[in-house]
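Participant: Below are the structure tokens for one structure; questions will follow.
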Amino acid sequence: MTTYPSETRIILTLKSLGPLSLKDLAEKIQISKMAVLNHIKRLENQGMVERSLVKASVGRPYYVFQVKDISKEKMTSSSEWLLDGLLEYLEKTNRGEIAKSFLNDRYKQIRIDYEKRLNTLTGQRKVEGLTRIREEENYFPELRRQGKDSYELLEYNCPIFKISRRFGIACTLETKLFSSVLDMDVSSTHRQVDGSDVCRFLITKKSA
């Protein structure tokens, strides 16, 4: 349904199959070992992937790679870290309503941007377009078709994890954002802030 960028495919493969060697990962992704290694280095720098040394019974030791279990804390950018500090300050000084107002306004602007980018698309193409946007924003999404006009959107990274953990309204606004730009019913069944390793959204055609 969707052709994912190599780094997204690496994350999805490691998520589903667990720790893999460079050779095994290259075979699964079907690109060269050097290309996989270059992507892995970038993902390691982002704090998303880690390596560990395996001592083989025969031959030289080798590395295996896996997605970090606690990477939610490290996947955020420095700007997100500063924003989290500001929101923490507002919360501690009983000014949480200011933060919530900010998040509401921010998501209104995001909705306008998403709508501009998706307004020429309909149906499945629009859902795929939303997935591509989320790829660009480093949510590492996976889109699965569940049936006619029904989809499952999985996001393996949450760049706004710290904010969502502090203000749950961010998750609610995100679900409303998807529903608005797709003009479909969207529900959230799993959230990383609640301990899941993935954010899961069910997308269906609006009921009459």
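The values are calculated or read from the model by the stated rules, or taken from the named source; none is laboratory data. Just so it is clear, the structure is predicted and the values come from calculations on it, not from any experiment. Glycine also receives a Cβ, built like all others from the backbone with ideal geometry; neighbour counts cover every protein chain displayed.
Participant: In the list R9, R42, which residue meets the criterion of being surrounded by fewer than 17 Cβ atoms within 10 Å (Cβ to Cβ), within 18 Å of the chain's Cα centre (by Cα) and among the basic types (K, R)?
Facilitator: Step by step, each of R9, R42 is checked, and only R42 is surrounded by fewer than 17 Cβ atoms within 10 Å (Cβ to Cβ), within 18 Å of the chain's Cα centre (by Cα) and among the basic types (K, R).
Participant: Report whether or not Q109 is touching a strand residue (DSSP E or B) at 6+ places or on another chain (Cβ under 7 Å), at pLDDT 85 or above and of a type outside the set (G, A, S).
Facilitator: Details: touching a strand residue (DSSP E or B) at 6+ places or on another chain (Cβ under 7 Å): no; at pLDDT 85 or above: yes; of a type outside the set (G, A, S): yes.
So Q109 fails the test.
Participant: When you go through E152, E115, E128 one by one, which is the residue that is in a helix (DSSP H, G or I), among the acidic types (D, E) and closer than 21 Å to S16 by Cβ? Don't jump to the end; show me each part of the working.
Facilitator: On the way: E152 fails: in a helix (DSSP H, G or I); E115 fails: closer than 21 Å to S16 by Cβ.
Matching residue, one of E152, E115, E128: E128.
Participant: Taking region 118-144 as the search range and keeping residues that are loosely packed, with under 14 Cβ neighbours inside 10 Å and over 23 Å from L82 (Cα atoms), which one is nearest to the chain's Cα centre (by Cα)?
Facilitator: The selected residue is R144.
Participant: Name the single residue, out of those in region 155-166 being under 9 Å from the mean Cα position of the chain (by Cα) and not in a strand (DSSP E or B), that is modelled with the lowest pLDDT.
Facilitator: Taking region 155-166 as the starting set, the residues that turn out to be under 9 Å from the mean Cα position of the chain (by Cα) are 155-159.
Next cut, not in a strand (DSSP E or B) only: 156-159.
Details: Y156: 87, N157: 85, C158: 85, P159: 81.
Result: P159.
Participant: Kindly list, by first and then second residue, each pair from a residue in region 4-26 that is free of Cβ contacts under 8 Å to residues at least 24 places away in the same chain to a residue that is surrounded by fewer than 18 Cβ atoms within 10 Å (Cβ to Cβ) and among the polar types (S, T, N, Q), limited to pairs with Cβ atoms under 7 Å and residues at least 6 apart or on different chains.
Facilitator: Filtered contacts from region 4-26: A26/S32.
Participant: A further question follows. Return the residues of region 175-191 that are in contact (Cβ under 8 Å) with a residue 12 or more places away in the chain, in contact with a Ser or Thr (Cβ under 8 Å, 6 or more places away or on another chain) and closer than 15 Å to Y156 by Cα; say none if nothing qualifies.
Facilitator: Result: S188, R191.
Participant: Being in contact with a Phe, Trp or Tyr (Cβ under 8 Å, 6 or more places away or on another chain) and farther than 25 Å from R9 by Cβ is the requirement here; does S187 meet it?
Facilitator: Numbers: in contact with a Phe, Trp or Tyr (Cβ under 8 Å, 6 or more places away or on another chain): yes; farther than 25 Å from R9 by Cβ: yes.
Against the criterion (in contact with a Phe, Trp or Tyr (Cβ under 8 Å, 6 or more places away or on another chain) and farther than 25 Å from R9 by Cβ), S187 qualifies.
Participant: Among the listed residues E155, E174, which satisfies the condition of being surrounded by 17 or more Cβ atoms within 10 Å (Cβ to Cβ), out of contact with any strand residue (DSSP E or B) (no Cβ under 6 Å at 6 or more places or on another chain) and among the acidic types (D, E)?
Facilitator: Going through E155, E174 in turn, the sole match is E174.
Participant: Looking at region 39-61, which of the residues that are under 18 Å from S6 (Cβ atoms) and out of contact with any helix residue (DSSP H, G or I) (no Cβ under 9 Å at 6 or more places or on another chain) is modelled with the highest pLDDT?
Facilitator: So, considering only residues that are under 18 Å from S6 (Cβ atoms) and out of contact with any helix residue (DSSP H, G or I) (no Cβ under 9 Å at 6 or more places or on another chain), the one modelled with the highest pLDDT is K41.
Participant: Under the condition of being assigned to a helix (DSSP H, G or I) and out of contact with any Lys or Arg (no Cβ under 9 Å at 6 or more places or on another chain), which residue from region 40-64 is nearest to Y139 (Cα to Cα)?
Facilitator: Only one residue fits best here, namely L43.
Participant: Quick check on S187: is it farther than 17 Å from R111 by Cβ, part of a strand (DSSP E or B) and either of a type in the set (S, T, N, Q) or not assigned by TED's automatic domain parsing to the domain that holds S101 (or both)?
Facilitator: yes
Participant: Being part of a helix (DSSP H, G or I) and surrounded by fewer than 11 Cβ atoms within 10 Å (Cβ to Cβ) is the filter; apply it to region 86-100 and report the residue that is modelled with the lowest pLDDT.
Facilitator: K92
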